[in-house]
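Visitor: Structure in structure tokens, see below.
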Amino acid sequence: MASLTSTSEGTLVSTAHPRPAYKVETHDSGSKTITTVRNSEEDIIASLVERDVPKVTIDDTPSVSLNSWMKPGLLPLSLVSFRGDQGRKYQWRNVAAGLNMELYAVDTPGGPVAAFCKAHIDRTNDTSTPATFRLTARAREIADTCVVSCLFLEKKRRMRENSAQARTDTWNPMDYLYEETRA
């Protein structure tokens, strides 16, 4: 199991080992935002360039659009699928806001091969549980791809949540009620 920690330098994906398993950094240059994912040896294993069309690069493969690599399901926000290095198909399920995402290997029956549980704050007793990422033995063959796909999905999900929150913050039903009663 791994935990996620946000620092001023980026997000660290840590395991029981003394150093982080992955490090995520995001830099905004005005016209584009670049997110890089490094492994424990500090090698860049993936990058996401967000411009008009977000493009992802995994290892040394050519850049492709994020939606070409991780294909959304027919129902919005229901699932996202991709193919691993060996050509096997995987599906992230529960990708909507507020849900814990689970990764399934389409060719393997049973439960999820990986899962991401969001951080949780219990306001009643002021405790918190950090975000966690679990991989089964079946997912270890594509561990880097599991982590990268989860990170990019969570980033996209948070951007969607922030955008929805911004729209909610700017819409005040009292403004409309006031106009109606004032007339």
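Visitor: Would you check which residues across the stretch 125-155 are farther than 16 Å from TYR90 by Cα, open to solvent by less than 50 Å² (accessible area, probe 1.4 Å) and out of contact with any Lys or Arg (no Cβ under 7 Å at 6 or more places or on another chain) and list them?
Guide: THR132, PHE133, GLU154, LYS155
Visitor: Only strands (runs of 3 or more DSSP E) wholly contained in the stretch 52-122 count here; list those with 2 or more residues that are open to solvent by 40 Å² or more (accessible area, probe 1.4 Å) and not hydroxyl-bearing (Ser, Thr, Tyr).
Guide: 79-83, 89-93, 120-122
Visitor: Moving to a separate point now. Looking only at the stretch 30-40, decide whether some residue is open to solvent by 60 Å² or more (accessible area, probe 1.4 Å) and modelled with pLDDT under 85.
Guide: yes
Visitor: Answer yes or no as to whether GLU141 is within 25 Å of ALA21 (Cα to Cα) and assigned to a helix (DSSP H, G or I).
Guide: Considered against the rule, which asks whether it is within 25 Å of ALA21 (Cα to Cα) and assigned to a helix (DSSP H, G or I), GLU141 comes out as yes.
Visitor: Also, quick follow-up: Taking the condition closer than 19 Å to PHE133 by Cβ, touching a strand residue (DSSP E or B) at 6+ places or on another chain (Cβ under 8 Å), open to solvent by 50 Å² or more (accessible area, probe 1.4 Å) and in a strand (DSSP E or B), does GLU25 pass?
Guide: No; evaluated as a whole, the condition is false for this residue.
The values are calculated or read from the model by the stated rules, or taken from the named source; none is laboratory data. Treat the numbers as computed from the prediction; the structure is a model and nothing was measured. Glycine gets a Cβ as well: all are built from the backbone with ideal geometry, and neighbour counts include every protein chain shown. Ligands, DNA and RNA are excluded from the accessible area calculation, which covers all protein heavy atoms including side chains. Shrake-Rupley method; radii C 1.70, N 1.55, O 1.52, S 1.80 Å.
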